[in-house]
Amino acid sequence: MKTETPNLSKNRYPKILQACVFALLSIGWMTFIFLSSSADGDTSSMSSDAVYYHFLNWMPYSLEVIRLIRKSAHFIAYAVLGFLYAGFFDALLRSYNKVFFVSLVLGVFYAVTDEHHQFFVPGRSPMVTDIAIDACGIAVGIALAWAVKMLVTYCYQKIRTK
């Protein structure tokens, strides 16, 4: 008796690979965010100071500069997460509106849980403004993922028509 393999289109394999890669990268990045949020207040302050001394020492040291570093870190970390979520859900969903919505909702949910987690870390406290900054970062990351997808699609079509 002949065993039949499932009838999967050859075009589906890249989407499965894309979903697996972006799922692993997303899990890894969420772990990184969690571990960063687990650092106590003193350790977190030392990290912000290190960024200042390595990259922004040309500016006068002030609490506003340190606050900018901390908020930028939130924005960038969640922009990366939004990009990774969009890459994952792009492989699973047909509509980019759905990709945007699901990625944004799950990203904000993760930001809320991350801020809640900080409530239990000594020297840290949850802040609604951080969730708002995280949400903006997620939206920008999703938009960047869409732009990269459009650029890759455009280049692929140009190469294919030659």
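Set the Förster radius R0 to 35 Å, insert the Cβ-Cβ distance between residue 116 and residue 151 as r into 1/(1 + (r/R0)^6), and round the FRET efficiency to 0.05.
In this case the efficiency is close to 0.45.
Over the stretch 78-162, one equal point on each Cα, no solvent: what is log10 I(q)/I(0) by the Debye formula at q = 0.15, 0.16 Å⁻¹?
-0.59, -0.64
Using only DSSP helix segments of four residues or longer, with each worth -39500 (n - 2.57), what per-residue ellipticity at 222 nm results for the chain after dividing by its residue count and rounding to 500?
So the calculated ellipticity at 222 nm is -28000 deg cm²/dmol.
Of the listed peptides 24-31, 120-127, what is their order by residue-averaged count of other C-beta atoms within 10 Å, with the highest listed first?
24-31, 120-127
Put +1 on the Cβ of every Lys and Arg and -1 on every Asp and Glu Cβ in the stretch 15-161; which of 100, 119, 61 then has its Cα farthest towards the positive end of the dipole?
So the residue furthest toward the plus end is 100.
Charges only on Cβ, +1 for Lys and Arg, -1 for Asp and Glu: so what's the dipole of the chain about the Cα centre, in debye to the nearest 20?
1240 debye
Would you mind ranking 43, 161 so that the residue whose beta carbon has the fewest other beta carbons within 10 Å leads the list?
Final ranking by Cβ density, sparse to dense: 161, 43.
If I histogram all Cα-Cα distances within the stretch 15-161 using bins 10 Å wide from 0, what percent of pairs lands in each bin?
Pairs per bin, as whole percents: 11, 35, 30, 17, 6, 1.
Throughout, read-outs are computed from the coordinates displayed, never taken from laboratory work. Quick caveat: nothing in here was measured; it's all calculated off a predicted structure. Positions of Cβ are generated from backbone atoms using ideal geometry, with glycine treated the same way; all protein chains shown enter the neighbour counts.
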